[in-house]
1. Other chains near A:89-102: what is the mean number of their Cβ atoms within 10 Å of each residue's Cβ?
2. Count the DSSP beta bridges whose two residues both fall in the protein assembly as shown, then state the antiparallel fraction as a percent rounded to the nearest 5.
3. List the accessible area buried at the contact between B and A, summed over both sides and calculated with a 1.4 Å probe, in Å² to the nearest 100.
4. Order A:K235, A:K118, A:K191, A:K20 by their accessible area, 1.4 angstrom probe, all chains in place, largest first.
5. Under the definition of Cα pairs under 8 Å and six or more residues apart, what whole-number percent is the relative contact order of chain B?
6. Which residues, if any, in region B:138-168 have at least 20 Å² less accessible area in the whole protein complex than in the isolated chain, probe 1.4 Å?
7. What percentage of the solvent-accessible surface of region B:35-279, computed with a 1.4 Å probe over protein heavy atoms, is contributed by carbon and sulfur atoms?
8. Please list A:I112, A:I4 in order of solvent-accessible area, largest first, computed with a 1.4 Å probe with all protein chains present.
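The values are calculated or read from the model by the stated rules, or taken from the named source; none is laboratory data. On a predicted model such as this, the values are computed, not experimentally measured, just so you know. Ideal geometry is used to build each Cβ from the backbone, glycine not excepted, and the neighbour counts take in all protein chains shown. Just the protein is used for accessible areas: all its heavy atoms, side chains included, with ligands, DNA and RNA removed. Shrake-Rupley method; radii C 1.70, N 1.55, O 1.52, S 1.80 Å.
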Amino acid sequence: MGLIETEDLSVLYGDVPAIKRVNIEIEANKITAVIGPSGCGKTTFLRALNRMNELNGARTDGKVLIDGENIYNGNTDVNMLRRRVGMVFQQPNPFPMSIFDNVAYGPRIHGIRNNKLKRIVEESLRKAALWEEVHDRLDSSALMLSGGQQQRLCIARALAVNPEIILFDEPCSALDPISTARIEALLRELKKDYTIVIVTHNMQQAARVSDYTAFFLMGELIEFDETTRIFERPKDKRTEDYITGRFG
Amino acid sequence: MKTGVIKAILCAISLISVVVLLGVVFYILMAGARVVSPGFLFRSPDYINFEEGGIFPQIVGSLYLLAVSLLFAVPLGVASGIYLAEYAPRNIVTMCTRLFVECLAGIPSVVIGLFGLTFFVYYLGFGPSVLSGGLSLGIMILPWTVRASEEAIKSVPSTYRAASLALGASKWQTIRLVVLKSAYPGMITGILLGAGKAIGEAAIVLLTTGGLATFLPHSLFDDVGSLPVYIYLVLTVIPASREIGEAYAFGASLVLIGIFLCISIFALLLRNRYIKRLRGE
């Protein structure tokens, strides 16, 4: 049984469905990549897993079960859910605050102070492979960091609230190849402790980092399997066409 | 060629604006400097031996009135701005509220003064006082603080909100800890515009405070002097000669401009400090 399961998950903007009746099981401590052409609903699918779609007024039908609990039932505490299911965005989006305050933001909100807070900040920055670069300037602004560093800072910020699952929405699309390689190495490291779902438009990236791959097309989940199978022996013709670059 | 001509014309026009404004300031400076002295700044007006008097109660009174008006308008304006920008549903009621705020900004100050006189002074029984004047001025600048707050909050990038919410912060925590911090510079600019209007306002103060006070108010319910009212009175009713009245009016104007300049500089420094902090310098 997967850590995350969806049952007939649909998300609609007005009357237009962005994803249609998606059924998937995502395993714990694995990296699951979500691929597909632009507008296929992969980001909408990702944002359904921590209920971020409702911020844009989307309607969600069906179920998303995390540990067997439907996060769309009436009594889910959305803030607690988002603490469990962290998110890293496409553009690095550190707050206009110091490096320390960025990482400390989440723990502080959840009431953590003083020495414990300092320890969490250090641990999170270490896990995000940023500590060595910033430990002597934690008080300087996060906006002074490079794009790649900012994105690792955002990862550290997400780790600081101790999530179980981390959603990555095309985390490298704004980064150069070296920064991308660092993030990918980091993802492999992080999957020991976290369950990772990553949306990417870059098929090589999916092939390099993920254990499982889901292929979306026009809002539908076309194929979901182990990454090696998807890339070597796809069952569906459309998957094959996409990964061989015939469209997309 | 064409670009050059347009540029030259625009440059000339803007030069004219600058020269006109500088001329006005220079004229006030020259005319006012003749009467501004320590005695003028720190003595009370003397309506019998006029040239022995000063404007100290008027300076303090203007600052009192400004403080009361800001204490009224800023919290209300910021709270309304937050509601309009972050919570208000997009419907006809919200649209009407915005329209109403716009209209409120356009009400002539003498009409607000009339309202202040009937409502605060007579109906609520505050009398001609610091409180009546400050609240009436607060009503005048409220639309500016609402609009400035709303616009400043709206201009905060939505990625900050998304990042905060994704960490499990509630909407209110997000607004309080991330959005407002980024919106301060814009709010300060808007509040400063309001403060400038309030400190220079004569009609409202004339109608809602006595305005002739030669002493400092001891409570919110005391009569209070103000610089714009002083300027109006010395030009119209009090002094024996026109020359003396004008000279003292210019003196008070110079002080008024000086006070507003100080407030502006303080506000801009504060704003730049926030901007620098946001940019991480």
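1. Neighbouring Cβ atoms belonging to other protein chains average 4 per residue here.
2. About 55 percent, rounded to the nearest 5.
3. For chain B against chain A, roughly 1700 Å² becomes buried.
4. Listed by decreasing accessible area, they come as A:K235, A:K118, A:K20, A:K191.
5. 26
6. Going by heavy-atom accessible area, the residues of region B:138-168 that drop by at least 20 Å² are B:T159, B:Y160, B:A162, B:A163, B:L165, B:A166, B:L167, B:G168.
7. Taking all protein chains in place, region B:35-279 shows 69 percent carbon and sulfur surface.
8. So, going from the largest accessible area down, we get A:I112, A:I4.
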